[in-house]
Amino acid sequence: MKRTITRPALTFLLLYTSLILAACSQSGQSVTPTSARVPAGPVEVTATPVATVSQTSLPSTAIPSPTPPPTSTPIPLGALLTVEALEDFTVLFDAAAGRPRLVLFLTTGCSSCLAGARWLEEQLLRPHPELEVQVYAVWFAMVSPEFLPAELDGRRDESLLNDPRVIHFWDQQRLVNAWFAANVPLEGPERASLRRTYGQLDWGVYIWDAYFLYGPEGEWAGVAQAPAGAGYPIIQNRETIRAALAAGLEPATTTSPPAAGPAVFHIVPADSFVYYGVHETFAGRKFNYAIGVTSSITGQITFDPANPLASQVGPITVNIREFQSDNFLRDERIQQAFLESNLYPLAIFTPTEIHGLPVSYTPGETVTFEIVGDLTVRETIAPTTFTVSARFENGRLVGVATAQVLMTGFGFDPPVVVDLIAANNEVDITFEFVAEP
């Protein structure tokens, strides 16, 4: 029997598959952004082959300290420049020669994108007015124009990146986006790929929640295809971005180490994130890697630099009801039908053993070890092992823990929609943490 999918069902289906409805600002107000267009000029981009750039790697040395750029006509703070030709972007890229240039691809409503943008503003730009960098925030709504509500066209989160070093672009035609997707030779594992394709839906190839970092030397035609570094998602590469721009930062104030003996460190939610990652398939073909993020985390770690073997990790609690992905329909279904996080909002990891800690430790050194414990989700307990890389520096514990679990291990099957869209059973969990006394 042949199944017919009605247009309303198809519309829901398309919106669910990681193509999001653009959202207005976090305040919920409908604000019409200031629009402007930069006069276009002839810019020729050479197609000289360049070496492959690792997605998460950057040069071993930081970008050189910049020289002051030439003066130019200032762009109003918060102005949203409409991209009608690639030159609208490249002219301003060249105007910032002499400073490091950071290009961000952001999509409206993507919580991971917004978390990365918020980190950049709150942890780098605002605390460091001395940092000379030009940031280009390239926004677009990740949805076909046919389904883009007119009242949402041209919107971005206007509470973010309001800094004179940031220029905002609205690239709904994806002119800048498509150029990077087609011309910058980035390779890497499928789950970390910067290129996202929805060719089956004939919506092209484009990039989001990604950054491209360029040094102060060179103009578009000579450097565009060879960024100093690139990565996805932005928030998971924050330490890499910070390290690359470190030459322009004033030295950080060193925090005094705790008194001799064990000290209790508390997770700092503003600097810590938990992500889930799940592969999604369309008609049996893998086509998307869905990512959800939350910073609603509590927990504590007991650590003694003089005796690392005595370290202890208390229960880590995550409010999974706060998980947000790039698709609010997915988030609602997770809350109501699968994780049932509206009923069971807390996931708790209770460590029982720690393996691989060193006998001695030197501050600043990164160590890798395993934490074995019980993960409780929906009142179901499953044994889980996290692989952890962490270091102690400037009086803080900084690290990342990863694990993979099965949905069926917690009593529910992977989501399936209309027998076409399905999530894999495997779920990748990443916990990036900062803990302070």
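Any read-out appearing in this document is the output of simple, stated calculations on the displayed coordinates, not a laboratory observation. These numbers come from a predicted model, not from an experiment. Here the Cβ is made from the backbone with ideal geometry for all residues, glycine too, and neighbour counts use every protein chain on show.
Annotations for the structure displayed:
- Packing-based exposure ordering (other Cβ within 10 Å, fewest first) of 167, 354: 354, 167
- Computed from backbone phi with θ = phi - 60° and the Karplus coefficients 6.51, -1.76 and 1.60, the 3J(HN,Hα) list for region 361-376 is 8, 10, x, x, 6, 8, 10, 10, 7, 10, 10, 9, x, 10, 9, 9 Hz; x is used for glycine and proline.
- Subtracting the Cα-Cα distance of residue 353 and residue 77 from 0.36 nm times their residue separation leaves 94.2 nm of extension gain.
- Exposure proxy order (Cβ contacts within 10 Å, fewest to most) of 168, 355, 279: 355, 279, 168
- With R₀ set to 45 Å, the beta-carbon distance separating residue 281 from residue 366 gives a calculated FRET efficiency near 0.80.
- Approximate spin-label separation residue 182-residue 382, in nm, with each point projected 7 Å along Cα-to-Cβ: 4.3 nm
- Residue 173 paired with residue 91, simple spin-label distance in nm, labels 7 Å along Cα-to-beta-carbon: 1.4 nm
- Sorting 328, 323 from the fewest to the most surrounding beta carbons within 10 angstrom yields 328, 323.
- A Förster radius of 45 Å combined with the Cβ-Cβ distance from residue 300 to residue 165 puts the calculated FRET efficiency at roughly 0.80.
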